[in-house]
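All remarks here apply to the structure that follows.
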Amino acid sequence: MNDIATYFRDHRDAHLEELVSFLRIPSISTDEQHKHDIEHAAEFVGDALRAAGLENVRRYETGGHPLVYGEWLGAKGAPTVLIYGHYDVQPPDPLELWITPPFEPTVREGRIFARGAADDKGQVFIHVKAVEAFLKTRGSLPVNVKFIIEGEEEVGSTHLADFVRKNRKLLSCDVILISDTHMMGVKTPSITYGLRGLTYLEVTVTAAKTDMHSGTFGGGVANPIQVLAEILVGCKDPKTGKVRIPGFYDDVVPLSKKERAELAKIPHNDREWAKSIGAVKPFGEKGYTTIERTGARPTFEVNGIWGGHTGPGVKTVLPAQAHAKVSMRLVANQDPSKIAKLFAQHVKKIAPDTVRTEIKLYDNNGYPALTPIDSPGMRAAADAIKMVYGKAPFFTREGGSIPVVADFQQLLKVDAVLLGFGLPDDNLHAPNEKLDLIQFEKGLETVAAFFERYAEMSR
Ligand code: BES
Ligand code: MN
Ligand code: MN
């Protein structure tokens, strides 16, 4: 591996400079105004894959933002690794909280700060450069590789499942490798074996046709914000943290004793954890630990709530409407569309007859996913981590979602290895997102080691 390590060392500055150019592109998938930047980012990925020595690099139209594909299939008889990632990013607001602007990447104290640094451009870049190192130094890789880099992950990968369904042969592989998660720490490396699913809805409560004077009408008609608050309480018990939607837990695969024992081995301190996020103390579903609550149990969350007067000063108003955006994180074997239906039925049932309620379903949803820890891909990843970090990894369940993982598993019938190089304090989706450069460097080495180890194991 010496030649590969040397390549990484010799190209350290060049790699960083290229990553900066990638991070400069504000490829915000949810915002129509950034369509041009999405195009630009897709082009950047294509160029980077071509420069790395990949073949048949091309973009595929999806009906939404384009996918970028590339392959190197010169390792006869060796297994094929499908590398997935995304070049789109979340909106950067609130802008005023960024120490340096989100699309002007800046290195401070060994970290690169920019929107997309960890989620997921920086991590996509690790794979591109790991492949490049092999092709430039040896002219070959120990495995065959295919890249599929999309531009709609942050809006729920709306068109990707359809593309996978129609292109099973193009994407056929032995394992899927994804770096779009984080590990516990540089000194406590970990690999993710579970992701939660997601369903996302919006509730509108209408009490009247227009806002009203709260003196003239207050007391005579339902207040929609009050009603909405009651509906939300009706969805999650404030004392036990249990979701109150009938049927919500029906399909949940219960945590086995063995898995709970394994999860309990993960180093975690509730007080420090609460302190790290500035919380008074942890709160969640009764009977489960924080690790279980945030990774292995389903939740109901209110993402935003609005209505009435929220501007400066006072306004005595009885609002006509109230709105809330809610989402539920799901675990195996919950079905997002079934859960969305149960939620809608429940809201209709508990809403009083003094208001009208409307429910809108968003299409950024996804199925939960689990990867067996003893699968060959996981074992190769664990070996690679051990070689580079000098320690065996912990296995953790991630509370976030990557919708395509379950689609890949279902349609391609292969497991996904979630080998993430982010860290818990990367500020994903928040101001001052960053990637530690040490993790970028270790990531390159780990991915290179994974290719070799996975090839060896398949021989
Ligand atoms: N990379 C994240 C998933 C993730 C979140 C990994 C937290 C590790 C920690 C991914 O880009 C993401 O943000 N997914 C969305 C999916 C949604 C938009 C359908 C999520 O989890 O909210
Ligand atoms: Mn991501
Ligand atoms: Mn994300």
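Collect the residues in segment 84-142 that are within 11 Å of ligand 2 (Cβ to nearest atom) and either among the basic types (K, R) or in a loop (DSSP other than H, G, I, E, B) (or both), keeping them in residue-number order.
First, the residues of segment 84-142 that are within 11 Å of ligand 2 (Cβ to nearest atom): 84-90, 116, 118-124.
If the condition is that a residue be within 11 Å of ligand 2 (Cβ to nearest atom) and either among the basic types (K, R) or in a loop (DSSP other than H, G, I, E, B) (or both), then Y87, D88, Q90, G116, A118, D119, D120, K121 are the ones that fit.
Between L16, L95, L73, which is more than 16 Å from ligand 1 (Cβ to nearest atom) and closer than 26 Å to V414 by Cβ?
Just one listed residue meets the conditions, L73.
Of the residues making up segment 98-110, just one is within 25 Å of G156 (Cβ to Cβ) and more than 16 Å from ligand 1 (Cβ to nearest atom), namely F103.
For the criterion of being of a type in the set (S, T, Y) and either within 25 Å of W72 (Cβ to Cβ) or not assigned by TED's automatic domain parsing to the domain that holds G422 (or both), T158 fails. Looking only at segment 9-46, residues that are part of a helix (DSSP H, G or I), among the β-branched types (V, I, T) and buried (at least 17 other Cβ atoms within 10 Å of the Cβ) come to 2 in all.
Taking helices (runs of 4 or more DSSP H) as the structural unit, those lying wholly within segment 231-310 and holding at least 2 residues that are of a type outside the set (A, V, I, L, M) and in contact (Cβ under 8 Å) with a residue 40 or more places away in the chain correspond to 290-295.
In the same structural domain as F147 (by TED's automatic domain parsing), under 23 Å from E132 (Cα atoms), surrounded by fewer than 17 Cβ atoms within 10 Å (Cβ to Cβ) and of a type outside the set (A, V, I, L, M, F, W, C): does that describe E55? Considered against the rule, which asks whether it is in the same structural domain as F147 (by TED's automatic domain parsing), under 23 Å from E132 (Cα atoms), surrounded by fewer than 17 Cβ atoms within 10 Å (Cβ to Cβ) and of a type outside the set (A, V, I, L, M, F, W, C), E55 comes out as yes.
Within segment 247-287, being assigned by TED's automatic domain parsing to the domain that holds K338 and on the phi > 0 side of the Ramachandran plot holds for one residue alone: G247. Which residues, counting only those in segment 312-336, are in a loop (DSSP other than H, G, I, E, B) and farther than 23 Å from G219 by Cα? Within segment 312-336, P312, V331, A332, N333, Q334, D335 qualify.
Residues that are among the charged types (D, E, K, R) and within 15 Å of I231 (Cβ to Cβ) within segment 296-327 comprise E301, K325, listed in sequence order.
Just give me the residues in segment 143-165 being within 16 Å of ligand 3 (Cβ to nearest atom), part of a helix (DSSP H, G or I) and not acidic (D, E), in sequence order. Spell out the reasoning first.
Looking only at segment 143-165, we keep the residues that are within 16 Å of ligand 3 (Cβ to nearest atom), and these are 149-158, 160.
So of that shortlist, the ones also part of a helix (DSSP H, G or I) come out as 153-155, 160.
Listed by number, the residues that qualify are V155, L160.
Among the candidates V203, V280, single out the residue that is among the β-branched types (V, I, T), crowded, with 17+ Cβ neighbours inside 10 Å, at pLDDT 95 or above and over 30 Å from G85 (Cα atoms). Answer to the selection: V203. In segment 355-399, how many residues are surrounded by fewer than 19 Cβ atoms within 10 Å (Cβ to Cβ), small (G, A, S) and within 16 Å of ligand 3 (Cβ to nearest atom)? Number of matching residues: 1. Residues in segment 376-409 that are within 20 Å of H86 (Cα to Cα) and more than 16 Å from ligand 2 (Cβ to nearest atom): Q409 alone. Against the numbered list (1) more than 15 Å from ligand 1 (Cβ to nearest atom); (2) in the same structural domain as T316 (by TED's automatic domain parsing); (3) in contact with a helix residue (DSSP H, G or I) (Cβ under 7 Å, 6 or more places away or on another chain), G220 comes up short only at (3). Restricting attention to segment 417-439 and to residues that are away from ligand 3 (no atom under 16 Å from the Cβ) and in contact with a strand residue (DSSP E or B) (Cβ under 8 Å, 6 or more places away or on another chain), the residue that is nearest to Y193 (Cα to Cα) turns out to be V417.
Take Y69 and decide whether it is within 16 Å of ligand 2 (Cβ to nearest atom) and either farther than 15 Å from V143 by Cα or of a type in the set (D, E) (or both). Taking the combined requirement at face value, the residue does not satisfy it.
For segment 383-400, state whether one or more residues are closer than 28 Å to V20 by Cβ, touching a residue at least 12 places away in the same chain (Cβ under 8 Å) and within 15 Å of ligand 1 (Cβ to nearest atom). Walk me through it before giving the result.
So the first thing to find is which residues in segment 383-400 are closer than 28 Å to V20 by Cβ, and the list is 384-385, 388-389, 398, 400.
If we keep only those that are touching a residue at least 12 places away in the same chain (Cβ under 8 Å) as well, we get 384-385, 388-389, 398, 400.
With the extra rule that they be within 15 Å of ligand 1 (Cβ to nearest atom), the set shrinks to 398, 400.
Yes; the residues of segment 383-400 include at least one that is closer than 28 Å to V20 by Cβ, touching a residue at least 12 places away in the same chain (Cβ under 8 Å) and within 15 Å of ligand 1 (Cβ to nearest atom).
If I ask for residues that are aliphatic (A, V, I, L, M) and without any contact (Cβ under 8 Å) to a residue 60 or more places away in the chain, which ones from segment 401-429 would you list? If the condition is that a residue be aliphatic (A, V, I, L, M) and without any contact (Cβ under 8 Å) to a residue 60 or more places away in the chain, then no residue fits.
The values are calculated or read from the model by the stated rules, or taken from the named source; none is laboratory data. In this text, all values refer to a predicted model and were calculated from it rather than measured experimentally. Neighbour counts run over all protein chains shown; Cβ positions are idealised from the backbone, glycine included.
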